[in-house]
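Inspection log for the structure reproduced underneath, given as structure tokens.
The values are calculated or read from the model by the stated rules, or taken from the named source; none is laboratory data. Quantities reported herein were computed from a predicted structural model and do not represent experimental measurements. So basically every Cβ, Gly included, is an ideal-geometry build from the backbone, and we count neighbours across all protein chains shown.
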Amino acid sequence: MDSKHNSSTKHFLSLLDLHPDALRNLLARAIELKKSRNSGEIYEPLKNCTLGMIFEKASTRTRVSFEAGMTQLGGHAIFLSSRDTQLGRGEPIEDSARVLSRMVDGVIIRTFEQETVELFARYSQVPVINALTDLYHPCQLLADMQTYFEHRGDIAGRKVVWVGDGNNMCHSYVNAARQLDFQLDIACPEGYDPDPGILQGAADRCRIVRDPLEAAESADLVATDVWASMGQEGEQSERTRAFKNYQVDDALMERTGSDALFMHCLPAHRGEEVSASVIDGPRSVVWDEAENRLHAQKALLELLMSHKQA
Ligand code: CP
Ligand code: NVA
């Protein structure tokens, strides 16, 4: 029997994998870990631990924040590109999970299908973290929520507007609305709605509003993302046409509450989903948001991988 972890091994494949209280504790811990790092404190609960990082899509922030986070927690991270591993040559996910999880203490995966991370987790003895799939990007939401809490306090009862594609980021915002109790208006063009099943799970908190200006009315937070996600490059021109009225610009931000924040998971395309004046303007917190990937994921790694915490 493989005994490092048992069937109670905790994975983070979507925001719904954490109880709302655990999610709030994790966000509070992320804020603490950020302060501790900024005061120069050394904290190494993951000494001798290794994180395997499987990437089947490009990444800057996710890769660097997980790798730096592991170093700061006293551990080590290995970058595994599908181009250079047997996974990329067709070795079954189940076999890769069984082998890797006998060697490392945690695995993050960035891939296409959500089913891939679920299958990997089923065969893994160690915690598996979703580092983005076509369906969800839960790690990004940890950073976004930490950023909101730091700037404005609790997000419960606030109004958030998602502008643009009903994509992986939008789905994770829907789950965040459900877990942290905020209202989410989703402004997307017809044909680009979020998954109805995911929306159904948060039906009392989320609604689709076709007009982005109407959706933005009195919002506390505006978030957007690229019009064509990784894997959708071939749809770029048709998406540019479909989303042309869905740019977050000054006119849209003027409709929001006076202390509304702007977030974007990055990378951003100025002049497409967001104007330069907004992303580089006073309401934008995108650099804090990007930095918080590091702190929020350190809190997540500590929660899932540190045996002292278990
Ligand atoms: N926001 C985000 O996940 O960025 P990367 O694609 O650079 O990891
Ligand atoms: N929706 C984007 C997010 C990138 C961080 C994508 O999947 O490409």
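Residue by residue through the stretch 57-104, note down the ones that are closer than 24 Å to GLU115 by Cβ and among the polar types (S, T, N, Q).
SER59, THR62, SER81, SER82, THR85, GLN86, SER96, SER101
Return yes or no: is GLU91 within 16 Å of ligand 1 (Cβ to nearest atom) and either at pLDDT 95 or above or among the hydroxyl-bearing types (Ser, Thr, Tyr) (or both)? It would help to see each step written out before you state the result.
Numbers: within 16 Å of ligand 1 (Cβ to nearest atom): no; either at pLDDT 95 or above or among the hydroxyl-bearing types (Ser, Thr, Tyr) (or both): yes.
When the stated conditions are applied, GLU91 does not pass them.
Residues in the stretch 167-197 that are surrounded by fewer than 23 Cβ atoms within 10 Å (Cβ to Cβ) and more than 23 Å from PRO20 (Cα to Cα): how many?
Total satisfying the criteria: 5.
Of all residues in the stretch 131-187, count the ones that are of a type in the set (D, E, K, R) and farther than 22 Å from PRO212 by Cβ. Steps first, please.
Start the filter on the stretch 131-187 by keeping residues that are of a type in the set (D, E, K, R), which leaves 134, 144, 150, 152, 154, 158-159, 165, 178, 181, 185.
With the extra rule that they be farther than 22 Å from PRO212 by Cβ, the set shrinks to 134, 150, 154, 178, 181.
Going through the stretch 131-187 one residue at a time, the tally reaches 5.
So how many residues does the stretch 107-132 have that are closer than 22 Å to LYS298 by Cβ and within 16 Å of ligand 2 (Cβ to nearest atom)?
Selection size over the stretch 107-132: 8.
Across the stretch 153-176, what is the number of residues that are under 20 Å from ALA242 (Cβ atoms) and in a loop (DSSP other than H, G, I, E, B)?
So the answer is 4.
Has the stretch 252-262 got any residue that is surrounded by 14 or more Cβ atoms within 10 Å (Cβ to Cβ), without any contact (Cβ under 8 Å) to a residue 60 or more places away in the chain and among the basic types (Lys, Arg)?
The answer is yes, given that some residue of the stretch 252-262 is surrounded by 14 or more Cβ atoms within 10 Å (Cβ to Cβ), without any contact (Cβ under 8 Å) to a residue 60 or more places away in the chain and among the basic types (Lys, Arg).
Does VAL248 qualify as being touching a Ser or Thr at 6+ places or on another chain (Cβ under 6 Å), within 16 Å of ligand 1 (Cβ to nearest atom) and at pLDDT 95 or above?
Details: touching a Ser or Thr at 6+ places or on another chain (Cβ under 6 Å): yes; within 16 Å of ligand 1 (Cβ to nearest atom): no; at pLDDT 95 or above: yes.
No; evaluated as a whole, the condition is false for this residue.
State yes or no: is ASP225 crowded, with 17+ Cβ neighbours inside 10 Å, of a type in the set (D, E, K, R) and within 16 Å of ligand 2 (Cβ to nearest atom)? Explain how you work it out, then say what you get.
Values: crowded, with 17+ Cβ neighbours inside 10 Å: yes; of a type in the set (D, E, K, R): yes; within 16 Å of ligand 2 (Cβ to nearest atom): yes.
Answer is yes for this residue.
Would you pick out the residues in the stretch 284-300 that are out of contact with any helix residue (DSSP H, G or I) (no Cβ under 6 Å at 6 or more places or on another chain) and either within 15 Å of CYS49 (Cα to Cα) or away from ligand 2 (no atom under 16 Å from the Cβ) (or both)?
Correct list: SER284, LEU300.
Among the residues of the stretch 135-161, which ones are within 16 Å of ligand 1 (Cβ to nearest atom) and touching an Asp or Glu at 6+ places or on another chain (Cβ under 7 Å)?
ALA143, ASP144, THR147, listed by residue number.
For SER284, state whether it is within 16 Å of ligand 1 (Cβ to nearest atom), free of Cβ contacts under 8 Å to residues at least 24 places away in the same chain and surrounded by 14 or more Cβ atoms within 10 Å (Cβ to Cβ). Spell out how you get there, then give the answer.
Working: within 16 Å of ligand 1 (Cβ to nearest atom): yes; free of Cβ contacts under 8 Å to residues at least 24 places away in the same chain: yes; surrounded by 14 or more Cβ atoms within 10 Å (Cβ to Cβ): yes.
Taking the combined requirement at face value, the residue satisfies it.
Assess whether GLN179 counts as being modelled with pLDDT of 95 or more and in a helix (DSSP H, G or I).
Values: modelled with pLDDT of 95 or more: yes; in a helix (DSSP H, G or I): yes.
Taking the combined requirement at face value, the residue satisfies it.
Residues of the stretch 43-87 being surrounded by fewer than 18 Cβ atoms within 10 Å (Cβ to Cβ), of a type outside the set (Ser, Thr, Tyr), in contact (Cβ under 8 Å) with a residue 40 or more places away in the chain and outside any helix (DSSP H, G or I), which ones?
PRO45, LYS57, ALA58
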